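Remarks on the structure that follows.
The values are calculated or read from the model by the stated rules, or taken from the named source; none is laboratory data. Given the structure is predicted, the values throughout are model-derived calculations rather than measurements. Note that each Cβ is placed from the backbone with ideal geometry, even for glycine, and that neighbours are counted across all protein chains shown. Side chains are part of the model used for accessible areas, which takes the heavy atoms of the whole protein and leaves out ligands, DNA and RNA. Shrake-Rupley method; radii C 1.70, N 1.55, O 1.52, S 1.80 Å.
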Amino acid sequence: MNIKFIFCLLCLIYLFGIGCQPETTRYENVLTNYDLDQYDYFVDLPDHFWGHINQVSVQSDRITALGRALFYDPRLSINDRISCSSCHEQKLAFADGLRFSSGVFNEQTSRNSMSLVNPGLSVKHFWDIEANGLLQAVMLPIQNHVEMGIRDLSSIKDHLEATDFYSDLFFQVFGNTQNSEITEENISLALTHFVGSLQSYQSKFDEGLPIDFVNFTVSENNGREIFFNKGNCEHCHESPLMTRNWSMTANIGLDMDYQDEGWSNGKFKIPTLRNIELTAPYMHDGRFSTLEQVIEHYDHGVQNHPNLSWALTDPLSSTKKPKKLNLTDTEKEDLVAFLKTLTDNKFISDPKFSNPFK
């Protein structure tokens with residue numbers, strides 16, 4: 001038997017073996033005795049959240065629990081490889097730790113995955129504020145050809161009905177309505193409820209607000225003073241949500257020539273800083289891998305773009321050049337220490353937000 005024949009035979013065996021591997025399967029994730037009433041998603045937010053209360057009824061609890069299952073289920077992608085949670089991991093405050101994410105066919109996204117922290121309080125979503133409201137925002141990644149790849153949303157019904165549990169879950173949730181079927185509208189509603197329930201409000205910062213931050217270290221309090229005063233960071237990252245207006249965009253002088261124009265001329269959505277310690281890398285393109293690099297940018301690296309946010313310009317400059325903070329090394333360390341007080345460890349470990357398929 002010659003070597004060439006053996007080589008060809010081995011190649012055929014290898015290819016046949018690859019072809020016979022089970023697909024990243026539609027049926028591996030099974031929910032057995034999934035209790036839609038297991039968790040109470042009602043949250044009575046602290047007073048410093050402006051009295052915003054998440055009014056969730058028992059029926060809404062069930063919709064939210066259904067949305068939790070859908071959020072973690074790769075059946076919502078064209079080839080059953082990618083779920084919403086693939087780019088939004090709970091332990092990373094529902095970011096993914098990557099500069100760019102990989103979609104259903106391993107093609108990379110063009111922007112960094114934003115963390116999902118208090119998204120229900122937001123008006124616009126995504127870096128370019130493309131989505132108006134959560135109902136639209138939760139479905140766009142499913143339809144995106146890079147991310148989850150389902151152009152025809154009606155095909156999701158076939159994916160979900162192929163299980164032995166989704167039809168029953170949808171009936172439990174929507175059975176007292178005229179439409180209890182697996183539909184695009186019901187999927188969107190369930191996902192919206194779950195994503196909207198991802199509320200972070202139990203950080204060290206939240207604990208410190210009503211007690212004048214006596215729980216902070218000296219370094220953390222120094223960093224807080226820099227954040228709210230010398231750095232004027234609150235102009236865009238207003239307490240307590242640590243963002244502003246939830247639909248506001250800004251050009252922060254990352255470049256003079258933006259390859260990605262964002263919403264308009266280098267303007268991108270201002271993200272929340274809550275859980276910022278966990279959501280690296282930073283910016284729409286993930287260019288900064290650490291908080292220290294972000295601070296260096298705002299300290300002396302802001303570019304003099306003609307569309308630069310006025311909050312980043314020097315008020316004493318007649319030409320509105322970017323201002324420099326000129327922070328000392330200690331001040332930079334203190335600012336990082338303060339930003340880490342925004343981490344909500346209860347949020348990233350709460351079982352009601354976890355993967356039910358585990």
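Tabulated results
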{"read-out": "Å² per residue, accessible surface of the chain at 1.4 Å", "value": "50"}
{"read-out": "Paramagnetic reach from ASN79 (point 7 Å along Cα→Cβ, amide N under 20 Å) across segment 85-113", "value": "85-88, 100-111"}
{"read-out": "Computed label-point distance, nm, for sites ASN304 and LYS91 using a 7 Å Cα→Cβ extension", "value": "4.6"}
{"read-out": "Whichever aspartates and glutamates have a C-alpha closer than 12 Å to that of LYS157, once near sequence neighbours (fewer than 8 apart) are set aside", "value": "GLU181, GLU184, GLU185"}
{"read-out": "Stretch in the chain that is longest and holds no GluC sites (Glu not before Pro) that DSSP places in a loop and that have at most 16 other beta carbons within 10 Å", "value": "262-358"}
{"read-out": "Estimated 222 nm signal from helices in the chain, with DSSP H stretches of n ≥ 4 weighted -39500 (n - 2.57), rounded to 500", "value": "-7500 deg cm²/dmol"}
{"read-out": "At least 18 Å along the helix axis (C-alpha) and Kyte average at least 0.0, DSSP helices within the chain", "value": "3-19, 58-71"}
{"read-out": "Centre separation in Å (Cα based) which lies between segment 130-176 and segment 282-358", "value": "35"}
{"read-out": "Added length on full extension, which subtracts the Cα-Cα distance from 0.36 nm per residue, ASN33 to PHE165", "value": "46.6 nm"}
{"read-out": "Stretchable slack from LYS358 to PHE105, in nm (0.36 nm times residue separation minus alpha-carbon distance)", "value": "88.6 nm"}
{"read-out": "Of all accessible heavy-atom area on the chain, the percent that carbon and sulfur account for (1.4 Å)", "value": "52"}
{"read-out": "q = 0.22, 0.23 Å⁻¹, segment 266-329: log10 I(q)/I(0) [Debye, one scatterer per Cα]", "value": "-1.05, -1.11"}
{"read-out": "Convex hull per residue volume in Å³, alpha carbons only, for segment 134-290", "value": "185"}
{"read-out": "Pairs of Cα atoms farther than 38 Å apart, the chain, %", "value": "26"}
{"read-out": "Segment 145-191 - Rg (one decimal) and Dmax (whole number), Cα, Å", "value": "11.3, 37"}
{"read-out": "DSSP beta bridges in the chain [antiparallel fraction, %, rounded to 5]", "value": "90"}
{"read-out": "Unsatisfied cross-links (Cα-Cα over 20 Å) in the set LYS230/LYS346; LYS204/LYS346; LYS91/LYS346; LYS267/LYS321", "value": "LYS230/LYS346"}
{"read-out": "Sum of side-chain charges, PRO119 neighbourhood, beta-carbon under 13 Å (Lys, Arg +1; Asp, Glu -1)", "value": "+3"}
{"read-out": "Cα coordinate range in segment 67-145, projected on the principal axes (Å, largest first)", "value": "31, 26, 26"}
{"read-out": "Those chymotrypsin sites (Phe, Trp or Tyr not before Pro) in segment 39-138 that DSSP places in a loop and that have at most 15 other beta carbons within 10 Å", "value": "PHE42, TRP50, PHE105"}
